[in-house]
Amino acid sequence: MARAAREQWSTRAGFVLAAVGSAVGLGNMWRFSYLTAENGGAAFVLLYVAMTLLVGLPVLLAELVVGRGARQSPIGALARYGGSRWRALGFLFVAAGFLILAYYSVIAGWTVRYALVGLLMGFDGDAGERFGQLATGPRALFWHLLFMVLTAGLVMGGVRRGIERASLVLMPLLFAIVVGLAVYAATLPGAEAGYRYYFQPSFEELLDVRVLRDAAGQAFFSLSLGMGAMLTYASYLSRDTHLPAESAVIAGADFAVAFVAGLVVFPMLFAFGLEGEVGESTVGALFITLPHAFAEMGGAGRVVGIFFFVSLVVGALTSAISLFEVVVSSLMDAADFERAHASLLLGTVVALLGVPAASDLDVLGAMDTLAGNVLLLVGGLGLALFVGWRMDDPVAEAAAGASGIRWFGLWRRLLRYAVPAVLGLVLWFAREDTLGALAALAGAGG
Ligand code: PFF
């Protein structure tokens, strides 16, 4: 059977919003705020910005270059430019996709639940206990399954009708909600302490290599790098796209949302005196403290809370779609699956893989550590080496559609030296966490 022509984004804005949709998600709000809280506030934010510029942006451009050039999903794209041995890296990407989807969907399920319950019944003052009841067990499983059905449904619609259209509506909505919430948070008495925490770095933390590692992992997680999501989206691009410009827009928008989310979360935490609770369940911080704050605010809190959780659902959905698309497009390209069948199969497998994450918060946390601090960084390291050293003339490929750009030499040098050095170092220092996370997963599995 002749393969149908590869789909393409219908407009430039369609691609950019879909890529921003992939980048902006639970990572910007849930993960960014729990890591910032855990790592001393402003110091972490600074390192995160540095990592985004030094390693995130170069790897983002590398993914876009490989994807657009090969017009294939990751496994085939890497084989095309590097020979069949590089397929292994593509398989690693797909494996990371499975892992992240499995727990991401559980957290996304919590957000759907909070948004709906907030709408129907308002928020509960005893948010900690509530969270304990719904974070794991049959309820968590139910919301996780519902979220998977939503995601699979949208991906089934295809690149233009499903992904692009959803992003065109949902992304502007999310921006508007988050900015509105930040403005509201600024009006709260006592918000200043939150800003101080968020903006004043402590130098001890700046020198802590663990904070650096978390910052690098967060840069990758937040930009959807190191597992071929951006590569896959770029495979639906035409050759006249200006890739460096798109990279800058994507990274800028992703950072902007994380930054503004911080302007929502920290002033609210401090204004309601909830900063102490953050340390208790890092994974659940956002889901415990904020509903508590919304409950204390009374009627207005309910409205604010609904908007907040709706924006989380939106972000989670457009990100999960991109994770999903990596695997679906791989099944379509490599195994001749039809889109609908690939989506159904993947949705079912991920629904099952999510069961351990929906049953035990420690497993969920371990999966997140393993994915964010290890797999994405290994994937990014592999991709930097690939484009820096293996691919023939990536600069020419990157320059297509981008006349008059002077930074390509620097880009290639970053990929060859700086990115591998930073990621190598960070992975080395993360080795104990890796083993710990693996042990936790193995313990839960058997
Ligand atoms: N970037 C997404 C977020 O910040 O929530 C998460 C993510 C999506 C990670 C896609 C990796 C990925 F491939």
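The values are calculated or read from the model by the stated rules, or taken from the named source; none is laboratory data. Fair warning: this is a prediction, and the values are worked out from it, not measured in the lab. Cβ placement follows ideal geometry from the backbone for every residue including glycine, while neighbour counts extend to all protein chains displayed.
Structure summary
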| item | result |
| --- | --- |
| Meets criteria (among the acidic types (D, E) and touching a residue at least 60 places away in the same chain (Cβ under 8 Å)) for D393 | no |
| Index of the failed condition, V378 passing every other in (1) hydrophobic (A, V, I, L, M, F, W, C); (2) within 16 Å of the ligand (Cβ to nearest atom); (3) touching a helix residue (DSSP H, G or I) at 6+ places or on another chain (Cβ under 6 Å) | (3) |
| Number of positions in the stretch 70-85 that are in contact (Cβ under 8 Å) with a residue 24 or more places away in the chain, in a helix (DSSP H, G or I) and surrounded by fewer than 22 Cβ atoms within 10 Å (Cβ to Cβ) | 4 |
| Helices (runs of 4 or more DSSP H) contained in the stretch 1-62 and holding at least 3 residues buried (at least 17 other Cβ atoms within 10 Å of the Cβ) and more than 14 Å from the ligand (Cβ to nearest atom) | 12-23, 42-51 |
| Out of F175, F98, F147, F93, sole residue that is under 18 Å from the mean Cα position of the chain (by Cα), modelled with pLDDT under 90, within 16 Å of the ligand (Cβ to nearest atom) and surrounded by 15 or more Cβ atoms within 10 Å (Cβ to Cβ) | F175 |
| Matching residues, the stretch 373-408, being modelled with pLDDT of 95 or more and either among the aromatic types (F, W, Y) or more than 30 Å from R431 (Cα to Cα) (or both) | F386, W389 |
| Selection count where residues are under 22 Å from the mean Cα position of the chain (by Cα) and part of a helix (DSSP H, G or I), scope the stretch 108-144 | 13 |
| Any hit, the stretch 313-330, residues being in a helix (DSSP H, G or I), crowded, with 19+ Cβ neighbours inside 10 Å and among the acidic types (D, E) | yes |
| Given (1) buried (at least 23 other Cβ atoms within 10 Å of the Cβ); (2) modelled with pLDDT of 90 or more, number of the condition M268 does not satisfy | (2) |
| Any hit, the stretch 347-358, residues being under 23 Å from G14 (Cβ atoms), part of a helix (DSSP H, G or I), touching a helix residue (DSSP H, G or I) at 6+ places or on another chain (Cβ under 9 Å) and more than 12 Å from the ligand (Cβ to nearest atom) | no |
| Output for the stretch 426-446, where each listed residue is touching a residue at least 24 places away in the same chain (Cβ under 8 Å) and either in a helix (DSSP H, G or I) or surrounded by fewer than 14 Cβ atoms within 10 Å (Cβ to Cβ) (or both) | V426, L427, F429, D433, T434, G436, A437, L438, A440, L441, A444, G445 |
| Filter pass, F147 being among the aromatic types (F, W, Y) and either without any contact (Cβ under 8 Å) to a residue 24 or more places away in the chain or over 18 Å from G354 (Cα atoms) (or both) | no |
| Top-ranked residue of the stretch 286-300 - restricted to ones that are in contact (Cβ under 8 Å) with a residue 40 or more places away in the chain and more than 25 Å from the chain's Cα centre (by Cα), ranked as surrounded by the most Cβ atoms within 10 Å (Cβ to Cβ) | F294 |
| Output for the stretch 196-248, where each listed residue is outside any helix (DSSP H, G or I) and within 11 Å of the ligand (Cβ to nearest atom) | L223, S224, L225, G226, M227, G228 |
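The rows are residues; the columns are (1) part of a helix (DSSP H, G or I); (2) without any contact (Cβ under 8 Å) to a residue 40 or more places away in the chain.
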{"position": "V387", "(1), (2)": "yes, no"}
{"position": "A398", "(1), (2)": "yes, no"}
{"position": "A402", "(1), (2)": "no, no"}
{"position": "P420", "(1), (2)": "yes, yes"}
{"position": "L423", "(1), (2)": "yes, no"}
